[in-house]
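Asks: Handing you this structure, nothing more for now.
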Amino acid sequence: MSLSGASERSVPATKIEITVSCRNLLDLDTFSKSDPMVVLYTQSRASQEWREFGRTEVIDNTLNPDFVRKFVLDYFFEEKQNLRFDVYNVDSKTNISKTKDFLGQAFLALGEVIGGQGSRVERPLTTVKIDVYDWDRDGSHDFIGEFTTSYRELSKAQNQFTVYEVLNPRKKCKKKKYVNSGTVTLLSFSVDSEFTFVDYIKGGTQLNFTVAIDFTASNGNPLQPTSLHYMSPYQLSAYAMALKAVGEIIQDYDSDKLFPAYGFGAKLPPEGRISHQFPLNNNDEDPNCAGIEGVLESYFQSLRTVQLYGPTYFAPVINQVARAAAKISDGSQYYVLLIITDGVISDMTQTKEAIVSASSLPMSIIIVGVGPAMFEAMEELDGDDVRVSSRGRYAERDIVQFVPFRDYVDRSGNQVLSMARLAKDVLAEIPEQLLSYMRTRDIQPRPPPPANSSPTPAPEQP
Ligand SMILES: [Ca+2]
Ligand SMILES: [Ca+2]
Ligand SMILES: [Ca+2]
């Protein structure tokens with residue numbers, strides 16, 4: 001997958017309106033409070049350059065401004081849209097561009113605003129305030145003075161010494177001739193960079209999705225309308241809808257658009273053997289289906305031939321993908337197992353054991369819950385509150401994301417309300433799960449290949 005490919009998708013953009021407030025800003029005006037203003041910059045993905053997007057009004061005499069002017073941006077869920085907010089104190093009596101003190105800045109991605117609780121996020125301004133003291137053994141250290149700086153200014157010290165004037169506000173007020181209380185020189189500055197999901201994908205890490213579908217009897221007889229697998233010429237079953245919607249989302253991230261697809265918990269013809277991982281296309285040698293259309297086709301074909309049975313075992317299919325993931329530890333391949341289920345699990349103990357074992361592998365699991373169940377077991381496997389453990393051993397990383405599909409469809413169950421929201425939640429934990437694997441294995445992203453390089457070899461399929 002290449003990033004530019006993903007961004008060329010014609011997912012309709014959502015307009016996001018951003019309102020900015022600040023609290024406890026530095027007071028830099030001598031006789032009154034600061035007059036703050038915020039300038040928003042957006043980062044170009046191609047050049048990484050920051051460009052001014054707009055600015056708020058200036059509010060006089062406050063350290064806690066609630067700005068009225070809003071920023072309206074286009075939101076693309078599959079892009080990381082980096083934003084930078086610079087806060088200035090404007091001396092409103094003079095020319096704005098000439099006289100403004102920098103109060104600090106905050107970085108965040110637009111997705112974080114949307115993902116924040118109540119679509120609200122708080123960030124400390126990265127202005128760094130440094131107090132300088134004369135150290136006393138008895139603890140009564142004497143304040144010498146202070147200065148402020150910012151990340152941007154600190155980073156200049158990578159090439160040059162930076163000298164800061166240490167100022168004591170009290171002395172500054174009292175003495176007319178006061179210059180400073182000494183200087184501090186920054187001799188060196190270094191940054192440990194954190195790589196992003198996109199850095200790895202650009203560097204050639206391939207995502208491989210495997211699909212597994214619950215064919216157990218708890219889903220109901222496919223010939224009856226109450227079944228989650230109901231075969232009707234007029235509308236998609238709950239499973240088909242979930243598979244189609246989620247499949248379309250993950251399809252763009254899969255490197256070769258080939259999906260090994262399995263069913264579990266069915267009785268197979270002719271002899272009626274119960275299987276917990278049968279290829280939907282009935283081809284043991286090559287379970288790959290071409291695109292999500294191919295998976296859907298094989299799913300319908302299987303529904304007509306197998307008998308829904310039980311019990312519901314997740315562990316076999318998890319272990320199957322884990323075996324493929326275990327063969328590759330250089331960060332070039334990352335596996336994602338998508339399980340679509342009604343959540344009535346019979347092998348919770350074995351599944352937890354399988355997850356704990358898989359947590360050391362380049363692998364994630366997305367569980368999509370179909371139907372009206374409570375899904376407590378699925379939430380437990382998601383492990384967001386309590387890390388999954390088995391026999392006293394905790395999973396090394398959280399590798400599971402659970403999404404209850406009913407939260408994204410209308411009352412009739414026939415229509416996905418927001419593909420963007422579903423996509424965001426389905427993919428929500430993948431970037432961090434991939435990064436946590438790379439971090440713990442100390443794998444750095446490779447430099448992106450030149451634009452017209454030959455395609456990378458096909459990944460190994462489980
Ligand atoms: Ca694939
Ligand atoms: Ca999780
Ligand atoms: Ca989760």
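Asks: Given the conditions (1) modelled with pLDDT under 80; (2) farther than 24 Å from Ile366 by Cα; (3) surrounded by 15 or more Cβ atoms within 10 Å (Cβ to Cβ), report the number of the one that Pro457 does not fulfil.
Replies: (3) is the only condition that Pro457 fails.
Asks: Let me ask something else. Against the definition (open to solvent by less than 80 Å² (accessible area, probe 1.4 Å), at positive phi and at pLDDT below 95), how does Gly413 come out, yes or no?
Replies: yes
Asks: Filter the range 236-264 for residues that are of a type in the set (A, V, I, L, M, F, W, C), outside any strand (DSSP E or B) and open to solvent by 50 Å² or more (accessible area, probe 1.4 Å) and give the result.
Replies: Listed by number, the list holds a single entry, Leu236.
Asks: What are the residues in the range 284-315 that are closer than 21 Å to Glu271 by Cα and open to solvent by 30 Å² or more (accessible area, probe 1.4 Å), if any?
Replies: Answer for the range 284-315, where residues must be closer than 21 Å to Glu271 by Cα and open to solvent by 30 Å² or more (accessible area, probe 1.4 Å): Asp284, Glu285, Phe300, Gln301, Arg304, Thr305, Gln307, Tyr309, Pro311, Tyr313.
Asks: Continuing with the same structure: Give the residues of the range 350-396 that are in contact with a strand residue (DSSP E or B) (Cβ under 7 Å, 6 or more places away or on another chain) and surrounded by fewer than 19 Cβ atoms within 10 Å (Cβ to Cβ), sorted by residue number.
Replies: Correct list: Glu379, Arg387.
Asks: Among the residues of the range 85-106, what is the count of those that are at pLDDT 80 or above and surrounded by fewer than 18 Cβ atoms within 10 Å (Cβ to Cβ)?
Replies: 0
Asks: Restricting to the range 29-76, give me the number of residues that are charged (D, E, K, R), free of Cβ contacts under 8 Å to residues at least 60 places away in the same chain and either crowded, with 16+ Cβ neighbours inside 10 Å or part of a loop (DSSP other than H, G, I, E, B) (or both).
Replies: 9
Asks: Consider the range 391-416. How many of its residues are touching a helix residue (DSSP H, G or I) at 6+ places or on another chain (Cβ under 6 Å) and more than 16 Å from ligand 2 (Cβ to nearest atom)?
Replies: The total comes to 4.
Asks: Before we move on, is Lys267 open to solvent by 40 Å² or more (accessible area, probe 1.4 Å), touching a Leu at 6+ places or on another chain (Cβ under 9 Å) and under 21 Å from Leu417 (Cα atoms)?
Replies: Spelling it out, it is not the case that Lys267 is open to solvent by 40 Å² or more (accessible area, probe 1.4 Å), touching a Leu at 6+ places or on another chain (Cβ under 9 Å) and under 21 Å from Leu417 (Cα atoms).
Asks: Output the residue which, of all residues in the range 390-445 that are β-branched (Val, Ile, Thr) and within 16 Å of ligand 3 (Cβ to nearest atom), is nearest to the chain's Cα centre (by Cα).
Replies: Across the range 390-445, the extreme among qualifying residues is Ile430.
Asks: Still on this model: Which residue pairs have Cβ atoms closer than 6 Å, lie 6 or more positions apart in sequence or on different chains, and pair a first residue in the range 292-313 that is touching a residue at least 60 places away in the same chain (Cβ under 8 Å) and farther than 28 Å from Ser255 by Cβ with a second residue that is open to solvent by 10 Å² or more (accessible area, probe 1.4 Å) and assigned to a helix (DSSP H, G or I)?
Replies: So the pair list comes out as Leu308/Ala217; Tyr309/Ala217; Gly310/Ala217.
The values are calculated or read from the model by the stated rules, or taken from the named source; none is laboratory data. In this text the structure is predicted, and so the values were computed from the model without any measurement. Quick reminder, even Gly has a Cβ in these numbers, built from the backbone with ideal geometry, and neighbours come from all protein chains shown. All accessible areas refer to the heavy atoms of the entire protein, side chains included, with ligands and DNA or RNA removed. Shrake-Rupley method; radii C 1.70, N 1.55, O 1.52, S 1.80 Å.
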